[in-house]
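Undergrad: This is the structure, below, for whatever I ask next.
The values are calculated or read from the model by the stated rules, or taken from the named source; none is laboratory data. Keep in mind it's a predicted model, so treat the numbers as computed, not measured. Positions of Cβ are generated from backbone atoms using ideal geometry, with glycine treated the same way; all protein chains shown enter the neighbour counts. SASA here: full protein model, heavy atoms, side chains in, ligands and nucleic acids out. Shrake-Rupley method; radii C 1.70, N 1.55, O 1.52, S 1.80 Å.
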Amino acid sequence: MSAEPSPQGPPVSRGAEASLRKVDWWGFPALLKERDQKAYRPKALDERVRRERTRNEVRLLVDARRLGVRTPIVYDVDLAKYRITLEELPGPTLRQVLEDPNVPPEDEVAAVRSFGRALGLLHAGSIAHGDLTSSNVLLPDGPHGAPAFLDLSMGTRSPGLEELGIDLHLVEEDLKALSGRSEALVRAFHEGYAEGNPHGARDVRARAKLIRGRVRYA
Ligand SMILES: Nc1ncnc2c1ncn2[C@@H]1O[C@H](COP(=O)(O)OP(=O)(O)O)[C@@H](O)[C@H]1O
Ligand SMILES: [Mg+2]
């Protein structure tokens, strides 16, 4: 039997697609993520898109955990309501860490390196994230602990080189935009990535470079 969690207070986050509210899941702090209706899509299509993204997100969150890549535990799913109940993880997002002027450079480098390693493991396990920005990465154990990935609804199972390259390209862009020390950070990220994905790193980096060129001259 699945309990209906009752949301407490206003949403903690309302993105383009989903809202998240704090809930209590049998005594555990949790978040209820609900995909909102989009009026610009025909109703039948809208329902299908919301159901597919909900299903995809759950599947990939669980698959990633099996690879040893941290993601929030999925406590419950309600496909009819496009809802997922997720473990609420503590900690800042990677973006918050990189934007905080009080975080020492060595902590930034450590965080980005372990982020790279985790993404490498995910890719080596044949999952592409699909929406990889530093807001979709949490550091529940601080900058020296393993990161957790969020928001896998646009991810792909058994991705091609293109999807993997896009993940890497988005990270590079994000790191360059966020920090004054971006060169050192991009280097640390790639070192970590090569540890996590030793066999694939070269090809994925080469594809990311191609994508960067394409974007620039588009
Ligand atoms: N399991 C979680 N634990 C803690 N914070 C979370 C969790 N899931 C999401 N968040 C917070 O909510 C924000 C939005 O969640 P996300 O799943 O990325 O939804 P959206 O699709 O709206 O981007 C995240 O950037 C993060 O700050
Ligand atoms: Mg997000």
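Undergrad: Any residue that is open to solvent by 40 Å² or more (accessible area, probe 1.4 Å), within 14 Å of residue 142 (Cα to Cα), within 16 Å of ligand 2 (Cβ to nearest atom) and free of Cβ contacts under 8 Å to residues at least 40 places away in the same chain - is there at least one of those in the range 95-109?
TA: Looking for residues that are open to solvent by 40 Å² or more (accessible area, probe 1.4 Å), within 14 Å of residue 142 (Cα to Cα), within 16 Å of ligand 2 (Cβ to nearest atom) and free of Cβ contacts under 8 Å to residues at least 40 places away in the same chain, one finds at least one in the range 95-109, hence yes.
Undergrad: With (1) within 16 Å of ligand 2 (Cβ to nearest atom); (2) within 14 Å of the chain's Cα centre (by Cα); (3) on the phi < 0 side of the Ramachandran plot as the list, and residue 130 as the residue in question, which single condition is left unmet?
TA: Here residue 130 clears every test but (3).
Undergrad: Another one. Inspect all residues belonging to the range 163-170 and state whether any of them is under 18 Å from residue 105 (Cα atoms), buried (at least 16 other Cβ atoms within 10 Å of the Cβ) and away from ligand 1 (no atom under 16 Å from the Cβ).
TA: Step one: of the range 163-170, the residues under 18 Å from residue 105 (Cα atoms) are none.
Among the residues of the range 163-170, not one is under 18 Å from residue 105 (Cα atoms), buried (at least 16 other Cβ atoms within 10 Å of the Cβ) and away from ligand 1 (no atom under 16 Å from the Cβ), which makes the answer no.
Undergrad: I'm trying to understand the selection: among the residues of the range 57-88, which are within 18 Å of the chain's Cα centre (by Cα) and more than 27 Å from residue 158 (Cα to Cα)?
TA: 88
Undergrad: Is it fair to say residue 215 is without any contact (Cβ under 8 Å) to a residue 60 or more places away in the chain, farther than 18 Å from residue 121 by Cβ, not small (Gly, Ala, Ser) and not in a loop (DSSP other than H, G, I, E, B)?
TA: On the way: without any contact (Cβ under 8 Å) to a residue 60 or more places away in the chain: yes; farther than 18 Å from residue 121 by Cβ: yes; not small (Gly, Ala, Ser): yes; not in a loop (DSSP other than H, G, I, E, B): yes.
Spelling it out, residue 215 is indeed without any contact (Cβ under 8 Å) to a residue 60 or more places away in the chain, farther than 18 Å from residue 121 by Cβ, not small (Gly, Ala, Ser) and not in a loop (DSSP other than H, G, I, E, B).
Undergrad: Restricted to the range 45-56, and to residues that are closer than 11 Å to residue 82 by Cα and in contact (Cβ under 8 Å) with a residue 40 or more places away in the chain, which residue is least open to solvent (accessible area, probe 1.4 Å)?
TA: It comes out as 54.
Undergrad: Going by the conditions given, is residue 189 open to solvent by less than 60 Å² (accessible area, probe 1.4 Å), hydrophobic (A, V, I, L, M, F, W, C) and in contact with a strand residue (DSSP E or B) (Cβ under 7 Å, 6 or more places away or on another chain)? Show your work before the answer.
TA: Details: open to solvent by less than 60 Å² (accessible area, probe 1.4 Å): yes; hydrophobic (A, V, I, L, M, F, W, C): yes; in contact with a strand residue (DSSP E or B) (Cβ under 7 Å, 6 or more places away or on another chain): no.
So residue 189 fails the test.
Undergrad: Is it true that residue 142 is more than 14 Å from ligand 1 (Cβ to nearest atom), farther than 17 Å from residue 169 by Cβ and within 16 Å of the chain's Cα centre (by Cα)? So that I can check it myself, show each step before the final result.
TA: Numbers: more than 14 Å from ligand 1 (Cβ to nearest atom): yes; farther than 17 Å from residue 169 by Cβ: yes; within 16 Å of the chain's Cα centre (by Cα): no.
Taking the combined requirement at face value, the residue does not satisfy it.
Undergrad: If you take the residues in the range 134-150 that are in a loop (DSSP other than H, G, I, E, B) and open to solvent by 10 Å² or more (accessible area, probe 1.4 Å), which one is nearest to residue 70 (Cα to Cα)? Give the steps one after another, and end with the answer.
TA: Of the residues in the range 134-150, the ones in a loop (DSSP other than H, G, I, E, B) are 139-147, 150.
Adding the requirement that they be open to solvent by 10 Å² or more (accessible area, probe 1.4 Å) leaves 140-146, 150.
Numbers: 140: 10, 141: 11, 142: 14, 143: 14, 144: 14, 145: 11, 146: 7, 150: 9 Å.
Selected residue: 146.
Undergrad: I'd like to check something: does the range 126-133 contain any residue that is surrounded by fewer than 19 Cβ atoms within 10 Å (Cβ to Cβ) and assigned to a helix (DSSP H, G or I)?
TA: First, the residues of the range 126-133 that are surrounded by fewer than 19 Cβ atoms within 10 Å (Cβ to Cβ): 126, 131, 133.
Among the residues that remain, those that are also assigned to a helix (DSSP H, G or I) are: none.
Among the residues of the range 126-133, not one is surrounded by fewer than 19 Cβ atoms within 10 Å (Cβ to Cβ) and assigned to a helix (DSSP H, G or I), which makes the answer no.
Undergrad: Would you pick out the residues in the range 11-26 that are more than 10 Å from ligand 1 (Cβ to nearest atom) and open to solvent by 40 Å² or more (accessible area, probe 1.4 Å)? If you could, list the steps in order and put the result at the bottom.
TA: Kept after step one, since they are more than 10 Å from ligand 1 (Cβ to nearest atom), are these residues of the range 11-26: 21, 23-26.
Correct list: 21, 24, 25, 26.
Undergrad: Here are some conditions: (1) hydrophobic (A, V, I, L, M, F, W, C); (2) under 16 Å from residue 69 (Cα atoms); (3) modelled with pLDDT under 95. Residue 218 meets all but one. Which one does it not meet?
TA: The one condition residue 218 does not meet is (2).
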